Amino acid sequence: MSAMDAPEIGGPAGLRAERTNRARGNGTFGPEHEVWDSRARIVLTPVSAPSVLGLFGFAAATLIVAGNLAGWYGNSTSAMYFAPFALAFGGIAQFLAGMWSYKARDTLATAMHGMWGSFWIAYGILWLLVGTKALALPIGSSTYFPAFGMWFVMLGLLTGIGAFVAIAKNLGLFTTLGLLSAGSCLLAAAFLSGNSGVQHAGGWVLVASAGAAVYTATALLAAETYGRTILPLGKFKKDANIPGRPIMDPIEYPLGMPGVKVGQ
């Protein structure tokens, strides 16, 4: 953009920047911000927050399965009835959310949704094979199942890495992944040792993780819908957790050209 193309400083762009500053209680922006604020927004592709779908899918599948593991209901064969739901919502839907997170350039969400979506797909396939008699479970597998326990060894490790990285995002996501990692480690220990008490404890921790996921997804959904913070997520950015504050401040074309922000 040449100097001749730039709007006059102090004209409509300056007034717009001044109104924005007054609304936020900020100081005055420099001339460069006024120029770009009146011109355009950097546009790639409109993308919503894929983690809303991913977290809801994860929470629903986890709550149902973890409730069974915690001893709330059912028995060792109950998985044949809720596995299709876990496969579709926790697996396929969450895996797609991970791929859409890739489009949104959110590496953490891509890794976590892709990993756990894959787990729920595999979980559904496992019980599909069991239900069709194509595969027989080992005797006593409801408590002692080392092959299944090894699934949770790596899930717990990789999710723990995701929880550590999520500290840079917000406390809501950190809590979700931290509880998920802890619950996975407990289930790994339970299935490797055959300890039903540890398995019940792991189920309870996963239920707590599902609750944290519901809150985090609801906060993201509300922020996207209302365009401002409704439920705080524990972000470290100044003023990001105050209800009513704008969730983003784009430099945009005044007529409302659609655009995208990095991440969710």
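Taking the Cβ of each residue in THR77, THR159 as the centre, tally the other Cβ atoms inside 10 Å and list the residues starting with the fewest.
Working: THR77 12, THR159 28.
The most exposed by this proxy come first: THR77, THR159.
Using a 10 Å cut-off around each Cβ, can you sort LYS103, LYS169, LYS133, LYS235 from fewest to most neighbouring Cβ atoms?
LYS133, LYS103, LYS235, LYS169
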Residue separation between LYS103 and PHE164 times 0.36 nm, minus their alpha-carbon distance, gives in nm 19.7 nm
Counting sequence-distant residues (5 or more places) and residues on other chains, those with an amide H built under 5 Å from that of ARG228 are ILE247
Check: C-alpha center the range 167-237 vs C-alpha center the range 90-123, spacing in Å is 16
Label model pair PHE85, SER48: point-to-point distance (7 angstrom along the Cα→beta-carbon line) in nm is 2.2
With label points set 7 Å from each Cα along the Cα-to-Cβ direction at TYR215 and THR132, the distance between them in nm comes to 4.1
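For GLU224 and ILE92 in one chain, what is 0.36 nm times their gap in residues minus the Cα-Cα distance, to one decimal in nm? All intermediate terms of the calculation are to be shown ahead of the outcome.
Values: separation 132, 0.36 × 132 = 47.52 nm, distance 2.32 nm.
Between GLU224 and ILE92, full extension yields 45.2 nm more.
Arrange the following residues from fewest to most other Cβ atoms within 10 Å of their Cβ: TRP116, TRP100, TRP204, TRP72. List each step's numbers first, then the result.
Values: TRP116 29, TRP100 21, TRP204 18, TRP72 14.
Placing the least packed residue first, the sequence is TRP72, TRP204, TRP100, TRP116.
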Note: ASN75 to SER196 extended length (0.36 nm per residue) minus current alpha-carbon separation gives 42.3 nm
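Quick note: the coordinates plus some simple rules give every number you see, no bench work behind them. Worth saying up front: this structure is predicted, and the values here are computed from it rather than measured. Methodologically, a virtual Cβ is constructed for each residue, glycine included, from the backbone with ideal geometry; neighbour enumeration extends over all protein chains shown.
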